[in-house]
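> I'd like to ask some things about the structure below.
Read-outs throughout are calculated quantities, based only on the coordinates presented, and are distinct from any laboratory measurement. Since this is a predicted model, take the numbers as computed values, not measurements. So basically every Cβ, Gly included, is an ideal-geometry build from the backbone, and we count neighbours across all protein chains shown.
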Amino acid sequence: MSKLVECVPNFSEGADLDLVEDIVSAVKTAEVLNVHSDLDHNRTVVTILGEPNQVKQAAFDLTERAMQLLDVNHHQGEHPFIGVVDVIPFVPLQGISEAEVVELAHGFGQQLWEKLQLPVYFYGDAAKIAERKELPYVRHGGYSALKSEINNDHRRPDIGQGLHVTAGAVAVGVRDFLIAYNVNLDTRNLNIAKSIAKNIREKSGGLPGIRALGVELKSKGITQVTINVTNHKMTSLKKVFDEVKKWAKEYGVGISGSEIVGLLPKEAVFEGMTEQLMLNAPPMVLPLSCPT
C-alpha cells in the first residue's frame, strides 16, 4: 500500500483569479484535487494529494510562489490570517502514521525557514507548545496583533525569528480531516451572524468539535456563519445546519444557502445532502476512506 498524504494550504488571495492560478500552477509534484477561492474572505484553499515527499515539495513550491507574488501588508479579507500563506495542514490518509506526518511537517517547517526565511508556528498534532495545538490560539488577533507581539515570549515562532517583511508567518500543522462549511444568512446584520456563530461553537458551550465565526460578505450584501467541523462523527453537517437554521429562525432571518469549501470524506455524505443543506453546489468527495 502506497503512502498518501493530503495537504490543504490556505493562501491570502481570493479576488484576483489570475494570481490564484499562477500560485496554484507552481504545484508540479502532487495532484491538485480542488481549488476554492472566495472574494470576501480573500482567500484560496487548495487540496493537494500525493506521496509524502511529493506533497511536501508541492506545498513548498506553492508557498514560494505565493511569497513572490503577494504582500501581507496589503492584504484585506474577512478571514483571519497571519501571512500570505496562512496555514498549511498535513493529513495522514493511507499507509502512513501520524508520527511520520508530524516528522514530515517539522522538516517542512525547517525548510521554510532555512530556504525562504519564513517563520513557522506548529499547531495541531505537530504543536511543540501545548497551547498551540489549537489553531485559533496561534492566529489570535491576526497579523496586526502578531506584528506588535512577535517579540513577546508567548508569540515567538517555533522556527525562525521576527516576521518576514512581506510574507508574515505561517502555521504548519498535522490534523485529522476537517470540513470547512459556510452558511449564508439573508441579513446584513453582522451581529446576528456573530451571535449564531457563538451559539454553535464548542468553545462557547455549543456543538462538540465546532469552530465558527460570523463574517460579512460585502460583495453579496449578506452575512455568513463560517464553520470548521473538526469531527463530523461527533457533530454531523446536518446537525450543524439544523442548529444554524434554528438560531436564524430565532433571530427572524432566513438562510440563502450553504457551501462546502474543498473536499469532504465519504463518511460525511448522506442521502439528500445537497437539498437538505441547501448546498450551492454538489459536495466534492475525497476518493478515499479517510481517518477522522
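> How far is helix 52-69 tilted, in degrees, relative to the longest principal axis of the Cα atoms in the chain, given as a value from 0 to 90 rounded to the nearest 10?
90 degrees
> Figure the gain on full extension for residue 165 and residue 18 (residue separation times 0.36 nm, minus the Cα-Cα span) and round it to one decimal in nm.
Extending this stretch completely gives an extra 50.6 nm.
> Also: I'd like the orientation of helix 237-250 relative to the chain: the angle between its Cα long axis and the longest Cα principal axis, in ° from 0 to 90, rounded to 10.
So the helix axis and the longest Cα principal axis differ by about 50 degrees.
> Can you list the lysines whose alpha carbon sits under 27 Å from that of residue 239, skipping same-chain ones fewer than 8 residues off?
133, 194, 198, 203, 220, 249, 266
> Hey, another quick one. Between residue 68 and residue 250, what length comes free when the chain is fully extended (0.36 nm per residue of separation minus the Cα-Cα distance, one decimal in nm)?
Value of the extension gain: 60.8 nm.
> If you place +1 on the Cβ of every Lys and Arg and -1 on the Cβ of every Asp and Glu, how big does the dipole about the Cα centre of region 1-47 come out, in debye to the nearest 20?
So the dipole magnitude of region 1-47 works out to roughly 340 debye.
> Using amide H atoms built 1.01 Å from N in the peptide plane, name the residues 5+ places from residue 217, or on other chains, whose amide H lies under 5 Å from its own.
When sequence neighbours closer than 5 places are left aside, the close amide H contacts are 222, 223, 224.
> With θ set to phi - 60° and the Karplus curve 6.51 cos²θ - 1.76 cosθ + 1.60, what are the ³J(HN,Hα) couplings of region 195-201 in order, to the nearest whole Hz, using x for Gly and Pro?
Running phi through 6.51 cos²θ - 1.76 cosθ + 1.60 with θ = phi - 60° gives 5, 4, 4, 5, 5, 9, 6 Hz.
> Separate question: Can you compute 3J(HN,Hα) from phi for each residue in region 159-171, using the Karplus curve 6.51 cos²θ - 1.76 cosθ + 1.60 with θ = phi - 60°, rounded to whole Hz and x for Gly and Pro?
Once θ is set to phi - 60°, the couplings for region 159-171 become 10, x, 8, x, 10, 5, 4, 10, 9, x, 9, 9, 9 Hz.
> Something else now. Once you list every other residue whose beta carbon is under 10 Å from the beta carbon of residue 126, what net charge do they have if Lys and Arg are +1 and Asp and Glu are -1?
0
> If you take every DSSP beta bridge whose two residues both sit in region 4-174, what share of them, in percent to the nearest 5, is antiparallel?
Here the antiparallel bridges make up roughly 70 percent for region 4-174.
> For residue 284, which sequence-distant residues (separation of 5 or more, or a different chain) have an amide H within less than 5 Å of its own amide H, given hydrogens modelled in the peptide plane?
For residue 284, the qualifying residues are 264.
> Hey, with R₀ at 25 Å, roughly what FRET efficiency would residue 270 and residue 94 work out to, going by the Cβ-Cβ distance, to 0.05?
0.60
> Scan around residue 90 for amide H atoms under 5 Å from its own, H built in the peptide plane at 1.01 Å from N, and keep only partners 5 or more places away or cross-chain.
HN-HN under 5 Å from residue 90: 173, 174, 175.
> Toward the positive end of the charge dipole of the chain, about the Cα centre and with charges on Cβ (Lys, Arg +1; Asp, Glu -1), which of 121, 273, 252 goes farthest?
252
> Remind me, relative contact order of the chain in percent, using alpha carbon pairs under 8 angstrom and six or more residues apart?
The value is 16 percent.
> Got a sec to turn the phi values of region 251-257 into Karplus ³J(HN,Hα) couplings, 6.51 cos²θ - 1.76 cosθ + 1.60 with θ = phi - 60°, whole Hz, x for Gly and Pro?
These are the phi-based 3J(HN,Hα) values: 8, x, 10, x, 10, 8, x Hz.
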